[in-house]
1. Taking residue 244 as the residue in question, decide whether it is assigned by TED's automatic domain parsing to the domain that holds residue 127, assigned to a helix (DSSP H, G or I) and either exposed (fewer than 14 other Cβ atoms within 10 Å of the Cβ) or modelled with pLDDT under 90 (or both).
2. How many of the residues making up segment 132-172 are in contact (Cβ under 8 Å) with a residue 40 or more places away in the chain and in contact with a helix residue (DSSP H, G or I) (Cβ under 8 Å, 6 or more places away or on another chain)?
3. Could you identify the single residue in 203, 184 that is assigned by TED's automatic domain parsing to the domain that holds residue 122, under 27 Å from residue 78 (Cβ atoms), free of Cβ contacts under 8 Å to residues at least 40 places away in the same chain and out of contact with any helix residue (DSSP H, G or I) (no Cβ under 7 Å at 6 or more places or on another chain)?
4. For the condition over 21 Å from residue 153 (Cα atoms) and in contact (Cβ under 8 Å) with a residue 40 or more places away in the chain, what is the one hit in 100, 64, 110, 79?
5. When you look at residue 179, is it under 18 Å from the mean Cα position of the chain (by Cα), closer than 24 Å to residue 241 by Cα and in a helix (DSSP H, G or I), yes or no?
6. Taking segment 161-174 on its own, how many of its residues are over 10 Å from the mean Cα position of the chain (by Cα) and at pLDDT 90 or above?
7. When you look at residue 119, is it under 30 Å from residue 192 (Cβ atoms), surrounded by 22 or more Cβ atoms within 10 Å (Cβ to Cβ) and assigned by TED's automatic domain parsing to the domain that holds residue 167, yes or no?
8. Looking only at segment 218-239, how many residues end up being touching a residue at least 60 places away in the same chain (Cβ under 8 Å), out of contact with any helix residue (DSSP H, G or I) (no Cβ under 6 Å at 6 or more places or on another chain) and surrounded by fewer than 17 Cβ atoms within 10 Å (Cβ to Cβ)?
């Protein structure tokens, strides 16, 4: 088909399109807003992608660039949770988002770019959550450690779709350096904060020759194990039970600081 270039910069292509209104049938756009009829008011965008839930993402054609990208990332999370990483495609994401495949290519250019930005999104959301929890925690090392560990069972983190995404990406880290780097960055700051707090509690409580790094590794492995339990056997594991497991472990290690 012929290329059409004007002030709206769109190109006619064969195949379906998100837009099917008069004059716009089978048209793929470089900028969504140019194919819209004049609107009375522009919908404001979001300041931070991680602050908006799946239900809050607008589906209107007038969505801002950031809103649209968030909608596609969250559709990718849903697709990975349903089909796994290898079977997630541009087509499965477009169905979850109820948008054309061309819109995905417009915003992310490729499936791999979409997957990387999805991983960046969940790692960034996790980092924001634990940093906020630590900033709002009480002054004592025990309060701060409790607040930090509770993040792994927060509603924004202890979510079946997101946990499925974590395990999907972790399974690919051996062969995907980019995934490995992002997952390592996700753990590095959190593990450092946990290790330092554990060391302070050991010294404060005079608990003897305990290795803070080993204990921090155990807490991390416990969290991931509880995530997996909930993912595989949701009838036997829930958020409150997971928290009780962690409290019991801490009470055994540091009885002068924690109660089961």
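The values are calculated or read from the model by the stated rules, or taken from the named source; none is laboratory data. Note that the structure is a prediction, hence the values are computed from the model and not measured. Reconstructed Cβ throughout: ideal geometry from the backbone, glycine too, with neighbour counts over all protein chains shown.
1. The answer is yes for residue 244.
2. 24
3. 184
4. 100
5. No; evaluated as a whole, the condition is false for this residue.
6. 4
7. Spelling it out, residue 119 is indeed under 30 Å from residue 192 (Cβ atoms), surrounded by 22 or more Cβ atoms within 10 Å (Cβ to Cβ) and assigned by TED's automatic domain parsing to the domain that holds residue 167.
8. Qualifying residue count, segment 218-239: 2.
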